[in-house]
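Here the structure comes first, spelled out in structure tokens, and everything after it is commentary.
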Amino acid sequence: DAENLFDGDFSTVWSEGVDGSGIGEKIKVTIDPCLSDKVFNVTCDSFDIEFYSKNNAVKTIKVTDSMGGSKVMDLSYQYDEWFAITEGSEWFEIEIVDIEKGTTYDDTCISEISISDCSLVDYDKIS
């Protein structure tokens, strides 16, 4: 469930829920326009190392915001990454670009997205 991305609980996750690894799947997050730049953090970790290793992990994501800001982020050697959203943006989108294969399941999971200085409005899985 997409709400798991914003529940503050690292033991819950969002899984892309399609056949295959989920490469190309996207999540779109609508936010209240803020006066200052917004920063968000994507965390692809879990308190349960066995669960984490059984499922695919995000290796590379592409983040795009409504003002045209874009960044490709490599999460291979760290489990979270910060990105500044362009001032005035009303949404941002995260696309799974590449994954690290899990040992058991072909599902890709993200545990948390946190946003500073902003109020979350809505989130949707899009593809």
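Values for this structure:
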item	result
Two-site FRET efficiency, D32 against S76, from Cβ-Cβ distance with R₀ of 35 Å, rounded to 0.05	0.60
Extension reserve of the A2-V97 stretch, reckoned as 0.36 nm per residue once the Cα distance is removed	32.4 nm
Heavy-atom accessible area ranking, 1.4 Å probe, most first, across D65, D98	D98, D65
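The values are calculated or read from the model by the stated rules, or taken from the named source; none is laboratory data. The shown structure was predicted, so the numbers you read here are calculated from the model rather than taken from an experiment. Note that each Cβ is placed from the backbone with ideal geometry, even for glycine, and that neighbours are counted across all protein chains shown. The protein model used for the area step is the full one, side chains on, heavy atoms only, and it has no ligands, DNA or RNA in it. Shrake-Rupley method; radii C 1.70, N 1.55, O 1.52, S 1.80 Å.
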